[in-house]
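Have a look at the structure below before the remarks.
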Amino acid sequence: MRFTSLVLMLLVLAALSASGCSTYAPDAGHEVVLIEKPWFFGHGGVNSEPVRTGRTFVAFSTDGIDVEMRPERYEQDLPDTMTADGVPVSFHAIVTLQVTDSVALIKGFGDRWYKNNVEQAFGQFVRQAVRKRGMNETAISTTALDAIDAEIRDNLSRFIEEKKLPVRLVTMTVGRANPPDAIKNQRIETAAQEQRIQTEIQIKNAEVQRRAAEEARAAADNAYRQAIGLSPEQYVQLKRIEMVLKVCSDGKCTFIENAGAVPTLNVR
């Protein structure tokens, strides 16, 4: 009787196990790491082989964690990052990482591996690099930004290697530095003032050049007058004749000369 009851109970458990299966079918570029949690027998733990392709049936008590195996981008806002001259600037940093071993990652660092291990260190590396440079250099100089990127990249790669994270650093950039609005407004006003000064200088230079050209032309005219032996009044008459000839070169002008006589009108 007892043997029959034991067999019956085992059959019921087998039926429940067969009907209580889970299934996992990862998408392309993904792997599913299985975490076994047996109810009755065994120790469980992370399965050494991930689910890569196709559909896999596992026990109902087994959990599956989906892991992106393609390069994945992580963004981080870093406000109030102090520069060497004490000006807070903001960055929108971006890092791209790729998982190289999904099982080792989940087993050693869990599914929140970036949040718990990389995010804080990445932000600290950015602050350390920016603190060595001034605001103007950080916000304007492309060379300075390239140097900041290189320093952070080296530190982050070293951190990943020392921590034995099974991920690969693909790309990283801190982007453009954004100073506070007050600093931006001051820079815009300064640029506007400098532009006004340059405009005034250019206008003054143009006036000086125009005056110099007029004086040079007057001196040349006076020298020409003296060379041909004309009085100032005669020279003026000569220039008038030249002007008339230029305007009336097509022969369509009519001149009326009265030698200074006062015109008269007939009145009826």
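The values are calculated or read from the model by the stated rules, or taken from the named source; none is laboratory data. Computed from a predicted structure; not experimentally measured. We place every Cβ from the backbone using ideal geometry, glycine too, and count neighbours over all the protein chains shown. The protein model used for the area step is the full one, side chains on, heavy atoms only, and it has no ligands, DNA or RNA in it. Shrake-Rupley method; radii C 1.70, N 1.55, O 1.52, S 1.80 Å.
Taking label positions 7 Å along the Cα-Cβ direction at both Asn222 and Gln124, the computed distance is 8.2 nm, reported to one decimal.
Using only alpha-carbon positions, what ratio does the radius of gyration of the stretch 74-163 give when scaled by 2.2 N^0.38 Å? Spell out each step's value before the answer.
Values: Rg = 14.7 Å, N = 90, 2.2 N^0.38 = 12.2 Å.
Working it through for the stretch 74-163, the quotient is 1.20.
Between Met82 and Asp250, what length comes free when the chain is fully extended (0.36 nm per residue of separation minus the Cα-Cα distance, one decimal in nm)? Fully extending the segment from Met82 to Asp250 adds 52.7 nm.
Report the net charge of residues surrounding Glu214, where surrounding means a beta-carbon distance below 11 angstrom and charges are Lys +1, Arg +1, Asp -1, Glu -1. Before the final figure, lay out each step's value.
Details: positive: Arg210, Arg211, Arg217; negative: Glu207, Glu215, Asp221.
After counting each charged neighbour, the total is 0.
Computed from backbone phi, the HN-Hα couplings of the stretch 113-127 come to 5, 5, 4, 7, 10, 9, 4, 5, 5, 4, x, 5, 5, 5, 5 Hz, rounded to whole numbers (Karplus: 6.51 cos²θ - 1.76 cosθ + 1.60, θ = phi - 60°; Gly and Pro given as x).
Would you please put 223-235, 149-161 in order of how densely packed they are, using the mean number of other Cβ atoms within 10 angstrom per residue and starting with the highest?
Values: 223-235: 10.9, 149-161: 15.8.
Per-residue mean Cβ counts within 10 Å order the peptides as 149-161, 223-235.
With all protein chains in place and a 1.4 Å probe, the accessible surface of the stretch 72-149 carries 44 percent carbon and sulfur.
Shown in residue order for the stretch 90-105 are the 3J(HN,Hα) couplings computed by the Karplus curve 6.51 cos²θ - 1.76 cosθ + 1.60 at θ = phi - 60°: 10, 10, 10, 7, 9, 10, 10, 10, 10, 6, 9, 8, 5, 5, 4, 5 Hz (x for Gly and Pro).
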